[in-house]
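Data block below; observations after.
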Ligand SMILES: [Zn+2]
């Protein structure tokens, strides 16, 4: 990107209420069959337009065609039985009924490639596409086949690489892997988490990103955050390994979180998507608040490597709030851009 401080979102945006129940995770679709597939496309157009009207530089599909950032991808794979459910603890935080891995996992056909092609036709702006990361995928399943988190993660990494190569060919500029699990399973991150991520991006020529956050603003996450103390130093565990990895961009949570900003020093050299928008609150940031977060980040990131972003996805927020937050992000980045040009 030639433009300084190009803005983007971590991924999801709220869906229109005619497509899915608003302000709900795993919200069921309100349409069926052809109406549903047409409706998803219309929602994707709207999500793009919301971003464009707000002045967002790197746009996404707003994840309008998926029910959930992890499950929807897995639903398209063989080897996972969605009828056979077990209760597991997700990210060591809350219990959920999840599908079971019953055989070898594989991808028979592309999952999001048609959607990416559709978005590519609608805009010339750079596109970022989010996929779940291998570790976060295995953490949302019960594995009755491989019986090894690491083994299953390597299998998913191979599948993600197939999908990523096709997304790149469809014209996606940045492929992002969501790995909130990197903030929880530190030993695994170091043993095989970063390596499986590198397997997922193998051979890609487009830019690649990893998004590590403290999750959506749902109750289980808010409760968990209360237990983390006054300083959230989780990034300290994965950052040194990521700094040495082949990932181009690290997307992280900053605004209103208790992450010490100087931890960004640990990924010196990487591009950093700095979360300047809190997704766990309906209060819309002022442009000045956004600018303040970006200025703090500039102490640890070179200006040409700073990408203003949201802390996480905005799917569970009311649409008007998300719209306001996109506008604030854009306006806040512009304030700092002006300051840097003086
Ligand atoms: Zn996130």
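Please tell me if residue 242 is within 16 Å of the chain's Cα centre (by Cα), more than 22 Å from residue 314 (Cβ to Cβ), crowded, with 20+ Cβ neighbours inside 10 Å and within 16 Å of the ligand (Cβ to nearest atom). It is false that residue 242 is within 16 Å of the chain's Cα centre (by Cα), more than 22 Å from residue 314 (Cβ to Cβ), crowded, with 20+ Cβ neighbours inside 10 Å and within 16 Å of the ligand (Cβ to nearest atom).
Here's the yes/no breakdown for (1) crowded, with 21+ Cβ neighbours inside 10 Å; (2) closer than 25 Å to residue 247 by Cβ; (3) within 16 Å of the ligand (Cβ to nearest atom):
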{"site": "292", "(1), (2), (3)": "no, no, no"}
{"site": "299", "(1), (2), (3)": "no, yes, no"}
{"site": "317", "(1), (2), (3)": "yes, no, yes"}
{"site": "334", "(1), (2), (3)": "no, no, no"}
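Selection of region 248-282 for residues being over 23 Å from residue 227 (Cα atoms), surrounded by fewer than 24 Cβ atoms within 10 Å (Cβ to Cβ) and more than 16 Å from the ligand (Cβ to nearest atom) yields 248, 265, 266, 268, 269, 270, 271.
Criterion first (modelled with pLDDT of 95 or more, farther than 21 Å from residue 67 by Cα and surrounded by 23 or more Cβ atoms within 10 Å (Cβ to Cβ)) does residue 174 satisfy it? Yes; evaluated as a whole, the condition is true for this residue. Give just the number: which of (1) surrounded by fewer than 22 Cβ atoms within 10 Å (Cβ to Cβ); (2) touching a helix residue (DSSP H, G or I) at 6+ places or on another chain (Cβ under 6 Å); (3) closer than 24 Å to residue 252 by Cβ does residue 166 not satisfy? Result: residue 166 passes all but (3). Restricting attention to region 5-51, the residues being part of a helix (DSSP H, G or I), touching a residue at least 24 places away in the same chain (Cβ under 8 Å) and touching a strand residue (DSSP E or B) at 6+ places or on another chain (Cβ under 7 Å) number 2.
The values are calculated or read from the model by the stated rules, or taken from the named source; none is laboratory data. Worth saying up front: this structure is predicted, and the values here are computed from it rather than measured. Cβ atoms come from the backbone with ideal geometry, glycine included; neighbour counts cover every protein chain shown.
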